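Okay, structure first, notes after.
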Amino acid sequence: MPKAERRDQLLAVAMTIVREEGADALTLGTLATRAGVSRPIAYDHFSTRPRLLLALFQQLEDRYIQSLRTALAAVPGRLYSVADVMSSAYFSCHAEMGLEGPSISAALKGNAEMAQRQQAMIDEYVDLMRDALRPFASVDDERLRLICTGLLGAAEAMAREVHAGRSSKAAATSAWSSLIVRSVAKPSS
């Protein structure tokens, strides 16, 4: 099997392990066994458990970023529409990934190299938000980026509420969309 296909297969099996047993159960040895490959093959692709977790996180993030870019390209140029698309894409992604995303993210905490790479992915998302919201903002880019960082933190907190069963996806989607609009809208004179 070509290396790229093998990597995709290993990532799919790794995601299944995380989904069924949690991120703590995911090791390169467990992955090799479940994928039906030798340990050296798993180590050749990822070398360490944190690198495997980061590859999973990157895969989820890439899928979400692509989905958001596609949705934003088709949205009319109105703040409410952009906020609705951003919110819908975010919570749909969280619903699709279930508890795997937060589980993988939590497992990456504490490793400096992995935290730095994870932060780079988050920065990419915040920059995408800032760029989409810039036409509607009355603040400079630095402040808008801080607002987007706060908005993302709010979305993460809302996603935890949804995962815990204390809120619905629809309520969180609506609330985050409203928060985006209120945080960015130019004041009426």
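What follows is calculated from the coordinates using simple rules that are stated; it is not laboratory data. Not measured: the values here are computed from a predicted model. When we count neighbours, we look across all protein chains shown, and the Cβ atoms used for this are built from the backbone with ideal geometry, even at glycine.
Quick notes
- Inverse mean reciprocal Cα-Cα distance (Kirkwood Rh) of the stretch 1-89, Å: 14.7
- Here Lys109 is the anchor, and the aspartates and glutamates within straight C-alpha reach of less than 18 Å, apart from those fewer than 8 places off in the same chain, are Asp24, Glu61, Glu100, Asp123, Glu156.
- Each peptide among 80-89, 8-17 gets the average number of other Cβ atoms lying within 10 Å of its residues, and from highest to lowest they stand as 80-89, 8-17.
- The stretch 90-189: trypsin sites (Lys or Arg not before Pro) in DSSP loop, at most 11 other beta carbons within 10 Å: Lys109, Arg166
- Gain on full stretching of the segment that runs from Thr70 to Asp127 - 0.36 nm per residue minus C-alpha separation: 19.0 nm
- In terms of surrounding Cβ atoms within a 10 Å radius of their Cβ, Val162, Val139 rank from fewest to most as Val139, Val162.
- Gaussian network model of the chain, Cα within-10 Å springs - most flexible of Asp131, Asp62, Asp140: Asp140
- Label-point gap, in nm, between Ala157 and Lys169 - each point 7 angstrom along Cα→Cβ: 2.3
- Förster-model FRET efficiency, 41 Å R0, Ser138 and Tyr43, C-beta, rounded to 0.05: 0.20
- When you count the other C-beta atoms within 10 angstrom of each residue and take the mean per peptide, 29-40, 66-77 line up highest first as 29-40, 66-77.
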